[in-house]
1. With the structure loaded, tell me whether residue 195 is out of contact with any helix residue (DSSP H, G or I) (no Cβ under 7 Å at 6 or more places or on another chain) and touching a residue at least 40 places away in the same chain (Cβ under 8 Å) or whether it fails that test.
2. Is it the case that some residue within region 183-192 is surrounded by 13 or more Cβ atoms within 10 Å (Cβ to Cβ), in contact with a helix residue (DSSP H, G or I) (Cβ under 8 Å, 6 or more places away or on another chain) and modelled with pLDDT under 95?
3. Quick check: is even one residue across region 59-68 surrounded by fewer than 22 Cβ atoms within 10 Å (Cβ to Cβ), touching a helix residue (DSSP H, G or I) at 6+ places or on another chain (Cβ under 6 Å) and modelled with pLDDT of 90 or more?
4. Being touching a strand residue (DSSP E or B) at 6+ places or on another chain (Cβ under 7 Å) and closer than 30 Å to residue 157 by Cα, is that true of even one residue in region 39-47?
5. Which one of the conditions (1) at pLDDT 85 or above; (2) buried (at least 17 other Cβ atoms within 10 Å of the Cβ); (3) not in a loop (DSSP other than H, G, I, E, B) does residue 78 fail to meet, given that it meets all the rest?
6. Do you know which residues across region 81-105 are buried (at least 16 other Cβ atoms within 10 Å of the Cβ) and over 23 Å from residue 143 (Cα atoms)?
7. Given the conditions (1) modelled with pLDDT of 95 or more; (2) outside any strand (DSSP E or B); (3) under 20 Å from residue 58 (Cα atoms), which single one is not true for residue 96?
8. Looking at region 40-53, which of its residues are touching a helix residue (DSSP H, G or I) at 6+ places or on another chain (Cβ under 6 Å), closer than 13 Å to residue 20 by Cα and surrounded by 17 or more Cβ atoms within 10 Å (Cβ to Cβ)?
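The values are calculated or read from the model by the stated rules, or taken from the named source; none is laboratory data. These figures come from a predicted structure and were not determined experimentally. With ideal geometry, Cβ positions are generated from the backbone for all residues, glycine too; neighbour counts draw on all protein chains shown.
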């Protein structure tokens, strides 16, 4: 397990990138491919500038898209995240850092983040394009999130589970033992958001089966939000009571 803090020297702390205004404006009409950085985990990994935002994509999935990463934006907005008592946040699956970016820019929330990401290339790209824009403190740890959760002893007020390899969530992240570890890492009244696909009918059936058979068994007070092509599974249904 390797811990990475931005900034400093090394591949994960590269020369940061910013784009000229003309390119940002033009990106609302034409997508700009900026960089491809394939890895063992993501053989087709690239960053594009689209609608003024950095977009991180694999062959079949969008990993990150600034404040247009709508599944988490919509969930935060529905929950009224800015009204909750949150200080420490764990992000499993970094992408380009859309989650802290959304919370900071759109909800005016400044938290302390720990981000766990297995792919060194993703950490490199996040540091290069996005993380330097944040006011919040963030520690990036290069590790398998399953192993990290087995070893973790720290409590978190908010855990965002957003791990995909292309468009698939590896099976181990749906196990009861992993869910138990997520539960154990939550501080009292802590909030878990678990991102699952609902793009196709098969995705929806698989996600609902996982929710009913496993997620609810570990989090009996759970609920979920339908956020476009994803379901956001949430451990606390009390946040939706009037």
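1. Spelling it out, it is not the case that residue 195 is out of contact with any helix residue (DSSP H, G or I) (no Cβ under 7 Å at 6 or more places or on another chain) and touching a residue at least 40 places away in the same chain (Cβ under 8 Å).
2. Taking every residue of region 183-192 in turn, none turns out to be surrounded by 13 or more Cβ atoms within 10 Å (Cβ to Cβ), in contact with a helix residue (DSSP H, G or I) (Cβ under 8 Å, 6 or more places away or on another chain) and modelled with pLDDT under 95.
3. No, because not a single residue in region 59-68 is surrounded by fewer than 22 Cβ atoms within 10 Å (Cβ to Cβ), touching a helix residue (DSSP H, G or I) at 6+ places or on another chain (Cβ under 6 Å) and modelled with pLDDT of 90 or more.
4. yes
5. (2)
6. 81, 84, 86, 102, 103, 104
7. Going through the list (1) modelled with pLDDT of 95 or more; (2) outside any strand (DSSP E or B); (3) under 20 Å from residue 58 (Cα atoms), residue 96 breaks only (1).
8. 53 - this is the single residue of region 40-53 that is touching a helix residue (DSSP H, G or I) at 6+ places or on another chain (Cβ under 6 Å), closer than 13 Å to residue 20 by Cα and surrounded by 17 or more Cβ atoms within 10 Å (Cβ to Cβ).
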